[in-house]
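A quick write-up on the structure given underneath.
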Amino acid sequence: MKSTKTLLSCIVMCMTLFSCTQNEESHPGQVIFSVDDFVVEGNTKTNCDPANDYDITWASGDTIGIFSIEDFQELFVIPANQVGESSATFDGGHLGVKNGKTYYAYYPFSVENFKSAESKTKIHVAYTGQSQTGTQCDAVAYDYTFSDWKAATDGDASFQFHHVGALLVLRLPLPDDATYNKLTIMADGEVIPTEGTYDLAAAKEGNPAFVPTDKSSSLSMELKDFTGTAGDVSVFYMMLPPCDLSSSTLTVELTNSADTSCYFIESKNITAGTLYIVNGHGYVDLGLSSGTLWATCNMGASKPEDYGDYFAWGETTSYNSGKKDFGWNTYKWCKGSYTTMTKYCTSSSYGTVDNKTELDLADDVARANWGGSWRMPSSAQIDELIRECKTRWNDDKAGLYFYSRRGYRRMFLPAAGYFSGSTLYEAGETADYWSSSLSKGDQFENGTRYGSELTFSINDIYRDGHIRCIGQSVRPVINR
């Protein structure tokens with residue numbers, strides 16, 4: 001079964017089978033096949049990306065296998081007049097559906113399954129060789145499905161198909177105007193199954209159907225005629241077998257003829273029949289001593305030069321998500337003034353003391369929005385960035401390039417300015433990037449009112465502090 005888009009929806013295929021040699025056990029009847037909806041991490045498919053149409057259609061050559069445990073398999077090829085349809089009706093067939101006999105069906109049919117009694121019930125599957133042509137994927141060709149065992153009654157049988165694997169929908173911001181040729185998912189260990197079998201006998205007993213026979217640390221997909229524009233968020237589709245990747249660090253490499261772009265994606269326990277929509281966030285390795293990797297874009301931006309979104313220190317609600325006024329009267333961690341702090345307070349002059357000087361992860365907007373191991377940088381990580389990188393102001397984009405001293409790698413931070421009240425100030429002239437730390441030192445009056453920040457202009461770059469209620473940029477970091 002192939003789709004011109006991707007592979008979601010309930011498929012109901014009404015197939016009428018007639019035995020060529022009728023006897024008292026065989027009857028013309030209706031055999032109904034239906035396939036489980038993919039579930040979007042706890043939601044039904046109707047809540048999945050409404051901008052896209054996930055209907056499945058049959059393609060030329062699609063073939064279904066059906067048999068009883070005692071008999072040979074019967075194959076049914078989609079008729080030419082039903083290619084492009086979401087249902088198919090068959091007239092004819094050599095398999096007589098006999099009363100009381102138990103039957104099994106699966107997709108896609110393979111002649112290899114005729115080789116032995118074992119291969120008949122242990123269907124081989126492989127997830128290597130997937131590809132995507134432009135925005136059209138072939139992932140459905142790797143959407144192996146198997147049915148419950150069903151006994152025929154009066155020539156009728158109804159099969160419910162289940163997905164062996166899961167569908168991964170990757171959303172990646174493109175770094176360049178380029179033609180991309182390969183996408184690779186990588187884990188830190190050989191934990192991604194690339195081949196296996198689904199065991200019909202085990203499935204009959206209600207046990208897990210998929211048994212891996214080969215594993216790898218990566219799984220690649222060829223991209224054909226895939227040309228993208230810098231800043232566009234492109235969508236890639238890949239089928240994965242069930243496997244627990246929740247303890248692995250997952251990265252994605254997207255390559256073109258000149259370069260490879262790297263992304264982190266959230267680790268998952270991949271379960272059969274689930275659709276995962278995963279946002280990948282690009283990073284650059286500047287060769288810093290601590291191993292810190294900096295994101296390629298601000299939070300809320302899809303290109304390095306875009307300003308992105310603005311946040312008060314310690315808040316996860318942003319300008320673009322509805323906060324239009326940045327002042328003490330709207331700040332989450334006080335009661336209307338800077339002398340009534342309720343969290344992250346080191347002096348009773350400014351509120352209730354808890355002596356917290358680093359944001360809890362629940363209040364770290366990078367972790368809250370991007371998940372995984374992403375975080376706002378600490379004061380120490382900002383100091384390291386300034387100390388270990390060379391910088392150059394760019395007039396065209398109005399911002400600063402940071403260059404690695406250990407090779408030709410660079411990161412761009414735009415001069416996005418800051419929000420005070422409901423007004424954006426100094427955009428294109430200065431930059432203010434929050435850290436996860438409170439400011440310290442007498443110049444900040446104990447630091448409680450101030451968050452530590454990276455600030456720069458055309459003339460200077462240094463770590464400073466700004467009052468916590470102000471709306472500023474965030475550039476997340478991660479460590480391998």
Segment 267-309-segment 451-480 distance, computed between alpha-carbon centres (Å) | 19 Å
Would you tally the net charge around Gly421, using a Cβ to Cβ cut-off of less than 13 Å, leaving Gly421 out, and scoring K and R as +1, D and E as -1?
-> +1
Non-local residues with an amide H under 5 Å from the amide H of Ser234, with H modelled 1.01 Å from N and Pro and chain starts lacking one, are Leu172, Leu174
Applying the Karplus parametrisation 6.51 cos²θ - 1.76 cosθ + 1.60 with θ = phi - 60° to the phi angles of segment 124-133, what ³J(HN,Hα) value in whole Hz is obtained for each residue in order, glycine and proline being reported as x?
-> 6, 9, 9, 10, 7, x, 5, 8, 9, 9
Karplus (6.51, -1.76, 1.60) ³J(HN,Hα), θ = phi - 60°, over segment 77-82, in Hz, Gly and Pro reported as x = 9, 4, x, 4, 6, 10
At a Förster distance of 30 Å, what's the computed FRET efficiency of Asp306 paired with Asp460, Cβ-Cβ distance as r, to 0.05?
-> 0.80
Name the trypsin sites (Lys or Arg not before Pro) in segment 267-369 that are in a loop by DSSP and that have at most 11 other C-beta atoms within 10 Å, would you?
-> Lys324
Cα centroid distance between segment 169-231 and segment 395-425, in Å?
-> 35 Å
So how do Arg375, Arg410, Arg449 line up by other beta-carbon neighbours within 10 Å, fewest first?
-> Arg410, Arg375, Arg449
Would you please give the FRET efficiency between Ser110 and Asp176, computed as 1/(1 + (r/R0)^6) with r the Cβ-Cβ distance and R0 = 41 Å, to the nearest 0.05?
-> 0.55
What does the charge count near Ser248 come to, summing +1 for each Lys or Arg and -1 for each Asp or Glu among other residues with Cβ under 14 Å from its Cβ?
-> -1
In whole Hz, the Karplus estimates of ³J(HN,Hα) for segment 466-480 (6.51, -1.76, 1.60; θ = phi - 60°; x where Gly or Pro) are 9, 4, 5, 7, 6, x, 9, 7, 9, 10, x, 10, 8, 10, 4
The long-range amide H neighbours of Thr145, using H built 1.01 Å from N in the peptide plane and a cut-off of under 5 Å, are Tyr107, Val164
Of Cys262, Cys334, how do they rank once you tally other Cβ atoms within 10 Å and put the fewest first?
-> Cys262, Cys334
In what order do Glu222, Glu70, Glu384 fall by count of nearby beta-carbon atoms within 10 Å, going from fewest to most?
-> Glu70, Glu222, Glu384
Give the long-range amide H neighbours of Tyr310: residues separated by 5 or more places, or on another chain, with amide H under 5 Å away, using H modelled in the peptide plane at 1.01 Å from N.
-> Tyr319, Asn320
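Each reported figure results from applying straightforward, stated rules to the coordinates on display, with no laboratory input. These numbers come from a predicted model, not from an experiment. Cβ atoms come from the backbone with ideal geometry, glycine included; neighbour counts cover every protein chain shown.
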